[in-house]
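K.L.:
So that we are looking at the same thing, I have put the structure below in structure tokens.
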Amino acid sequence: MISRRSLRLRLALAGAASIGLALVVAFFGLSFLFERHVERRVVEELRLHLDQTIAGLGRDASGAVDVVRPPVDPRFQAPLSGLYWQIQGGGIERHSRSLWDEVLDLPQLSPSAPREFSLKGPAGADLLVLAREVILEHPLGDQPVIAAVGMDRSDILRATAGFRRDLAPFLALLAAVLMAASLAQILIGLRPLADLRARIAKIRSGEAQRLGIAFPDEVQPLTMEVDALLASREEQLRQARERASGLAHAFKTPLQALSGDVLRLRQRGETGAADEIEALIAVMRRLVDHEMARARIAGKGHSARSDVARVTSSVVAVVCRTPAAAAIEWSIDVPDGLQARIDPDDLSELLGSLTENAVRYGRSQVAITARREGSAILLEIRDDGPGIPQEKLRHVLRRGERLDTSSGGAGLGLAIAESIIRTVGGDIRLENGGPGLCVSISLPAAEA
């Protein structure tokens, strides 16, 4: 369904309105021009009849002025045919048989070129009249005579109406063609916006870094501004990462000094104070390490990719060297060719944190599986340990929560893992597998 805010809809409506208005104007404009054209043709025809009427003037057998050779058009002989002539002047008045017993009320004229005007004719009909006053020395003997011919305007109106009937379907067909052309123009004209959207999607998915300049001149200034904005944001992120990393490193030296103080307090037997300070140091180190990890993964480009099978094998090989992994039976089902959109170092840290947890709490088995589902890579890490109490299962991934405070670890495994996963646009889910814990990870897939 097209939204009211659709640019395509707005352009289509504007095009339809302008085409409709243009065709309405064309309909009435062409009708007017046709009527004027027909009227000029009628005037030319009347001029010919007027010349014939004047040329036919003479004196009859009694010596009176008359049209001795009337115009030859047979309509002059048919009553009320719509074509009429009339002669008046010098006390005489003659008219065509078509006027029947009507007489045209001709105005006074002066000798000049023929004059065109309108009159009421038989039965109140509107006539287009062409009249002229003539003085012929022979055979009229300098007697002024007004000669006039007229035609019913209804003939012009009927011709115009017929033209409009013929014109209407043509204009309707023209409207359909213009609308189709307008829609094609809209689709072609808006295609660069679709290309722009596709290019932005590629930037978001990591297939491209910039929009580039392969766009029309009207769109290119926008793409250049977006590219400049992307570059500016990348620079800001780089500076922010450097500041965060520098701040985290700055805390390490004071923490090391505090660790020395703790050692000296223990040597003096002040174990209570030493324990409190050591607990604070552990919290601060946890926060520092966490922020350093976030600073390292934040802002990485979407173009990063990892071979899931290779990274998994590398991580498991390292973990298997630890004493805790000696009694663990590993089951790894990760097909070759799976590419995840994540930096290999980040994936190594992610899998390292989760496999260390699985080894720490698992009894004898750890299973790692991976598969491709649509646009995502699904990873599962299962152990056969005690799992997590159901009431705590939905809280362990909260910021600041620790899975175990007695295992001797820093408590960063799940926290850093979640930070990495969220940063790359993935998802993590924990559930008890009975026995053990199943950690399900969804990472965006990268094309091989």
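The values are calculated or read from the model by the stated rules, or taken from the named source; none is laboratory data. Since the model is a prediction, treat every value here as computed from it, not as a measurement. Positions of Cβ are backbone-derived with ideal geometry, glycine not excepted, and every protein chain shown enters the neighbour counts. Ligands, DNA and RNA are excluded from the accessible area calculation, which covers all protein heavy atoms including side chains. Shrake-Rupley method; radii C 1.70, N 1.55, O 1.52, S 1.80 Å.
K.L.:
Could you run through region 255-272 and say how many residues are of a type in the set (K, R) and either within 25 Å of V288 (Cα to Cα) or touching a residue at least 12 places away in the same chain (Cβ under 8 Å) (or both)? Spell out how you get there, then give the answer.
P.N.:
Filtering region 255-272 down to residues of a type in the set (K, R) leaves 264, 266, 268.
Retained after the next criterion (residues that are either within 25 Å of V288 (Cα to Cα) or touching a residue at least 12 places away in the same chain (Cβ under 8 Å) (or both)): 264, 266.
Of the residues in region 255-272, 2 are of a type in the set (K, R) and either within 25 Å of V288 (Cα to Cα) or touching a residue at least 12 places away in the same chain (Cβ under 8 Å) (or both).
K.L.:
When the residues of region 54-65 are filtered to those that are in contact with a Lys or Arg (Cβ under 8 Å, 6 or more places away or on another chain) and free of Cβ contacts under 8 Å to residues at least 40 places away in the same chain, which remaining residue is most open to solvent (accessible area, probe 1.4 Å)? Break it down into steps so the answer makes sense when it comes.
P.N.:
Taking region 54-65 and keeping what is in contact with a Lys or Arg (Cβ under 8 Å, 6 or more places away or on another chain), we get 54-56, 58, 65.
After this cut, where a residue has to be free of Cβ contacts under 8 Å to residues at least 40 places away in the same chain as well, the list is 55-56.
Numbers: A55: 62, G56: 1 Å².
For region 54-65, the residue satisfying everything is A55.
K.L.:
Take region 190-199 and flag every residue that is without any contact (Cβ under 8 Å) to a residue 12 or more places away in the chain and open to solvent by less than 80 Å² (accessible area, probe 1.4 Å). Walk me through how you get there before you give the answer.
P.N.:
Within region 190-199, the first condition is being without any contact (Cβ under 8 Å) to a residue 12 or more places away in the chain, and the residues that meet it are 191, 194, 197-198.
Listed by number, the residues that qualify are A194, A198.
K.L.:
What pairs come up if the first residue lies in region 26-53 and is touching a residue at least 24 places away in the same chain (Cβ under 8 Å) and within 22 Å of E133 (Cβ to Cβ), the second is assigned to a helix (DSSP H, G or I) and among the acidic types (D, E), and their beta carbons are under 8 Å apart, counting only those six or more places apart or on different chains?
P.N.:
The qualifying pairs are V42/D155.
K.L.:
I've got another one for you. Six or more apart or on different chains, Cβ atoms under 8 Å: show the pairs whose first residue is in region 122-133 and in a loop (DSSP other than H, G, I, E, B) and whose second is small (G, A, S) and open to solvent by 10 Å² or more (accessible area, probe 1.4 Å).
P.N.:
Close Cβ pairs satisfying both conditions: A125/S154.
K.L.:
Still on this model: Contact list please: Cβ distance under 8 Å, first residue in region 100-112 and within 21 Å of Q77 (Cβ to Cβ), second residue at pLDDT 85 or above and assigned to a loop (DSSP other than H, G, I, E, B), pairs at least six apart or on different chains.
P.N.:
W100/P79; W100/L80; E102/G121; L104/G121
K.L.:
Mind checking which residues of region 342-353 are in contact with a Gly (Cβ under 8 Å, 6 or more places away or on another chain) and surrounded by 24 or more Cβ atoms within 10 Å (Cβ to Cβ)?
P.N.:
Taking region 342-353 first, the residues in contact with a Gly (Cβ under 8 Å, 6 or more places away or on another chain) are 342, 353.
Within region 342-353, I342 is the sole residue that qualifies.
K.L.:
Here is a further query. Where residues in region 200-228 are exposed (fewer than 14 other Cβ atoms within 10 Å of the Cβ) and of a type in the set (G, A, S), which of them is farthest from the chain's Cα centre (by Cα)?
P.N.:
Here the answer is A228.
K.L.:
Further question: Quick one: G82 ticks every box in (1) surrounded by fewer than 17 Cβ atoms within 10 Å (Cβ to Cβ); (2) at pLDDT 85 or above; (3) on the phi > 0 side of the Ramachandran plot bar one, so which box is it?
P.N.:
Against the list (1) surrounded by fewer than 17 Cβ atoms within 10 Å (Cβ to Cβ); (2) at pLDDT 85 or above; (3) on the phi > 0 side of the Ramachandran plot, G82 comes up short only on (1).
K.L.:
What number of residues within region 200-234 are among the polar types (S, T, N, Q), in contact (Cβ under 8 Å) with a residue 12 or more places away in the chain and over 23 Å from R305 (Cβ atoms)? Before you say what the answer is, go through the steps one by one.
P.N.:
Step one: list which residues in region 200-234 are among the polar types (S, T, N, Q), which gives 205, 209, 220, 223, 232.
If we keep only those that are in contact (Cβ under 8 Å) with a residue 12 or more places away in the chain as well, we get 205, 209, 223.
Imposing the further condition that a residue be over 23 Å from R305 (Cβ atoms) reduces the set to 223.
So the count comes out to 1.
K.L.:
Within the group A370, A325, A295, which residue is open to solvent by less than 50 Å² (accessible area, probe 1.4 Å) and at pLDDT 90 or above? Before the answer, list the steps.
P.N.:
On the way: A325 fails: at pLDDT 90 or above; A295 fails: at pLDDT 90 or above.
Only one candidate passes the filter, namely A370.
K.L.:
Tell me, please, whether a residue that is surrounded by fewer than 19 Cβ atoms within 10 Å (Cβ to Cβ), touching a strand residue (DSSP E or B) at 6+ places or on another chain (Cβ under 8 Å), small (G, A, S) and part of a strand (DSSP E or B) can be found in region 298-315.
P.N.:
Looking through region 298-315, none of the residues is surrounded by fewer than 19 Cβ atoms within 10 Å (Cβ to Cβ), touching a strand residue (DSSP E or B) at 6+ places or on another chain (Cβ under 8 Å), small (G, A, S) and part of a strand (DSSP E or B).
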